[in-house]
């Protein structure tokens, strides 16, 4: 669950921190109070496209940070494990920075990641109902994750993911060595041809 959302220099917000307790939290306020801006900050944190318009006027960058607590069988753990991102004390810290020049950076537990990776993890963490691109129940890519979590197979899936990642790395290394061997064989054949030519 989302425990803390910190927003700095985003849109018209200079500094804001929202702490959430377990259970239902309701944000209320008049029009223009900033509810939609907080939602926009959360969407940016989950992998939405960044824009210089999101950086508060007169500042160098916007910073959004979210702290999530993860259960031992949370689907996001598999995605994080597949990307080699450690989770300590069941906590995931997501940070997104957007500069006034348009540069964007994303971090998962202080590990720099692509926006695509951020979005992949974000889709396992939060459902923003009414925004179809964030509804994991409507995303076929997440059906298997939800089914495995329901069946209590998340740990088995994580173990498989680790082994698959190790296999893919070993396969890539093996193919690289095969390529080098082929190149060496070609060079050896050329050298032998040149040597024979010199002594003929």
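Details
- Scanning region 18-33 for residues that are in a helix (DSSP H, G or I), in contact with a strand residue (DSSP E or B) (Cβ under 8 Å, 6 or more places away or on another chain) and surrounded by fewer than 17 Cβ atoms within 10 Å (Cβ to Cβ) turns up nothing.
- Qualifying residue in region 79-88 (condition: within 23 Å of residue 8 (Cα to Cα) and not assigned by TED's automatic domain parsing to the domain that holds residue 163): no
- All positions within region 34-58 that are under 22 Å from the mean Cα position of the chain (by Cα), loosely packed, with under 15 Cβ neighbours inside 10 Å and not in a helix (DSSP H, G or I): 49, 51
- Enumeration of residues in region 97-126 that are within 8 Å of the chain's Cα centre (by Cα), surrounded by fewer than 15 Cβ atoms within 10 Å (Cβ to Cβ) and in contact (Cβ under 8 Å) with a residue 24 or more places away in the chain: 116
- Condition check for residue 138 on (1) closer than 14 Å to residue 78 by Cβ; (2) at pLDDT below 90; (3) touching a helix residue (DSSP H, G or I) at 6+ places or on another chain (Cβ under 7 Å): one failure, at (1).
- Residue 7 free of Cβ contacts under 8 Å to residues at least 24 places away in the same chain, in contact with a helix residue (DSSP H, G or I) (Cβ under 7 Å, 6 or more places away or on another chain) and surrounded by 14 or more Cβ atoms within 10 Å (Cβ to Cβ): no
- Among residues of region 73-119, those that are touching a strand residue (DSSP E or B) at 6+ places or on another chain (Cβ under 9 Å) and part of a strand (DSSP E or B), counted: 16
- Test: residue 63 is surrounded by 13 or more Cβ atoms within 10 Å (Cβ to Cβ), out of contact with any helix residue (DSSP H, G or I) (no Cβ under 7 Å at 6 or more places or on another chain), assigned by TED's automatic domain parsing to the domain that holds residue 86 and outside any loop (DSSP other than H, G, I, E, B): yes
- Qualifying residue in region 165-187 (condition: out of contact with any strand residue (DSSP E or B) (no Cβ under 7 Å at 6 or more places or on another chain), touching a residue at least 24 places away in the same chain (Cβ under 8 Å) and either assigned to a helix (DSSP H, G or I) or under 28 Å from residue 5 (Cβ atoms) (or both)): yes
The values are calculated or read from the model by the stated rules, or taken from the named source; none is laboratory data. Predicted, not measured: the structure shown is a model, and the values here were computed from it. Glycine gets a Cβ as well: all are built from the backbone with ideal geometry, and neighbour counts include every protein chain shown.
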